[in-house]
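Read-outs throughout are calculated quantities, based only on the coordinates presented, and are distinct from any laboratory measurement. The model shown is predicted, which means the values in this text are computed figures rather than measured ones. A quick note on method: Cβ atoms are made from the backbone with ideal geometry, for glycine too, and the neighbour counts reach across all protein chains shown.
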Amino acid sequence: MEKELKELASDFFDIGAIKFGEFITKVGLKTPVYIDLRVLIAHPKILQKLSKVLWLFSKDSTSKITQICGVPYTALPIASIISVESNIPMVIRRKEEKAYGTKKLIEGQFEPGEHCVIIEDIITSGSSVLETVNDLKNEGLKVTEAFVVVDREQGGLKHLHDNGIEVKSLFTLTKLINFLVESDKINKEVAKQVSFYLKSTPAPLKISNQEPSVDRLKLNFATRAGLSRNAMAKKLFFLMERKKTTLCLAADLTNFEHILELAEIAGPHIAVLKTHVDMIENFSSEFVTRLQDLAKKFDFLIMEDRKFGDIGHTVSLQYRKGIFEIAEWADIVTAHPVAGKGIIEGLKRGLKGITEIRGVFLVAEMSSEGALTTGSYISETISMAKDSSMVAGVVCQSNAFSDPGLIQLTPGVKLSKTGDDLGQKYNTPEQVVNSGADLAVVGRGITEAKDKLSAILQYKEQLWEAYKTRISKTN
């Protein structure tokens, strides 16, 4: 390979892919040498030669590569040629989300668990590779390797290694410069300046889409309250810590008197009471008033599980108007992000003139068998949640995010792992808490129990013990 590398080094210089002077890198560093492999698209023979040499690394790969991803944008032509010549599928990671159609961040056809190799032109700090790795992993792909043309030797190799990515590079910048000296493309003085620069200028790691380094599962609720952007999330964190309960009771009953009777029993032991007002046959303003009185008496919050899912304008009216006037009394509501960020804006508009604290939980995953809330839908929901101060948390079945200021609400909880004949799947209190649940929804396990108070206490205690065990194990 040595002969091919020397030829490529000369090719890069001849086509102007390597420049000497004073430049600024992507991460904001001054540099006396700049490598711009974008010019390769104008030189297909050199591009093809480079792609063939780079793909030789695959022979020593520790895993079977079933997908290829070029870091946008310079590495995309290299990855495309490799994909065609190796007959291995390629995925494309967008640098920005589509604002139309499927709104996918990762384009291609793949299955979760497939092994994807990263193709990159230059690594300085490793930021671009890690951003790509994070997005691919969010889609369920396994990423452990990156094949790189040039390692600038400014810390990127270590940053990637520390994040579990093995890097194989054709050139270090030192090696590339030495090849140019050997072929009389540059003199030794230029090489000396570059060498001094490399020794004195490490590159900082800047990753725009990396999750916070702190693990939310290691923190207690009081600590996480101070890290939340949403006032309702702060309130709920403190409430759960104060009452020592993570129980959300799903009062899915059709008669409001029965709901109020249940709230009277459960009130002292729950953090949230969840309703579906559109299934109440005798709904009236009296129900709202009495439920609010119980919430104040027993210190719990009211969640209307409306699961808003329409365009923003419609959602704002559904939230504030109609016979239910949900915005007037529900502390928390749920929403499907399927229609985009307009849903959150619509909910904000529906709160105009309301001074009480309100919060939204976005539905990222559902507990029913065959739910379509998978893959990029989950990652895009998490991204939307992090971007809005109105979002208190996320409804999901797994530890899909690490932001300690968001609350994970997990439905489908029973004392034993079961299901029903309509596709609902249940997990035990310990299972959901270990899967990241901060607030757990229990419905029929309580509403259908003969001794409702006993069931309430049992769920409350098991959930709280699982939470205490979780934070004690990780601290």
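Overview of values
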{"item": "For Ala75, residues with placed amide H under 5 Å, excluding near neighbours", "result": "Asp121"}
{"item": "The chain - charge dipole about Cα centre, Lys and Arg +1 at Cβ, Asp and Glu -1, debye rounded to 20", "result": "1080"}
{"item": "Among 347-360, 107-120, the order from most to least packed when residues are scored by Cβ within 10 Å on average", "result": "107-120, 347-360"}
{"item": "Cα centroid of the range 1-48 to Cα centroid of the range 234-267, whole Å", "result": "63"}
{"item": "Helix 127-138 axis, angle to the chain major axis (alpha carbon atoms, nearest 10°)", "result": "40"}
{"item": "Net length gained if the chain between Glu257 and Ser389 were fully extended (0.36 nm per residue, minus Cα distance)", "result": "44.0 nm"}
{"item": "The chain: radius of gyration over Cα atoms, expressed as a fraction of 2.2 N^0.38 Å", "result": "1.21"}
{"item": "Kirkwood Rh and Cα Rg combined as Rg over Rh, evaluated for the range 2-200", "result": "0.97"}
{"item": "Cβ-Cβ FRET estimate between Ser454 and Val338, R0 fixed at 30 Å, reported to 0.05", "result": "0.15"}
{"item": "Calculated FRET value between Lys352 and His276, using beta carbons and R₀ = 22 Å, to 0.05", "result": "0.30"}
{"item": "DSSP-defined antiparallel bridges as percent of all bridges, the range 117-232, nearest 5", "result": "0"}
{"item": "Stretch gain in nm, segment Tyr34-Val84, where the contour uses 0.36 nm per residue and the Cα spacing is subtracted", "result": "15.1 nm"}
{"item": "Pairs of alpha carbons in the range 216-474 whose separation is greater than 33 Å (percent)", "result": "12"}
{"item": "Principal axis box of the range 174-313, alpha-carbon based, largest edge first, Å", "result": "90, 37, 19"}
{"item": "The range 267-277 - phi-based ³J(HN,Hα) in whole Hz, Karplus 6.51/-1.76/1.60, Gly and Pro as x", "result": "x, x, 10, 10, 8, 9, 10, 9, 10, 10, 5"}
{"item": "Residues Ser63 and Glu286, FRET efficiency given R0 of 60 Å [Cβ-Cβ distance, rounded to 0.05]", "result": "0.40"}
{"item": "Sequence ranges 294-303, 170-179, ranked by mean other-Cβ count within 10 angstrom, highest first", "result": "170-179, 294-303"}
{"item": "For Ile407, residues with placed amide H under 5 Å, excluding near neighbours", "result": "Gly393, Val394"}
{"item": "Degrees between helix 76-86 axis and first principal axis of the chain (Cα, 0 to 90, nearest 10)", "result": "80"}
{"item": "Cα-only radius of gyration and Dmax that characterise the range 359-408, units Å", "result": "10.2, 31"}
{"item": "Note, ³J(HN,Hα) from phi for the range 181-196, Karplus 6.51, -1.76, 1.60, rounded to Hz, x at Gly and Pro", "result": "5, 4, 8, 6, 7, 9, 9, 5, 5, 4, 4, 5, 5, 5, 4, 4"}
{"item": "Subset of Lys352/Lys386; Lys59/Lys175; Lys158/Lys386; Lys142/Lys386; Lys274/Lys352 violating a 27 Å alpha-carbon distance limit", "result": "Lys158/Lys386"}
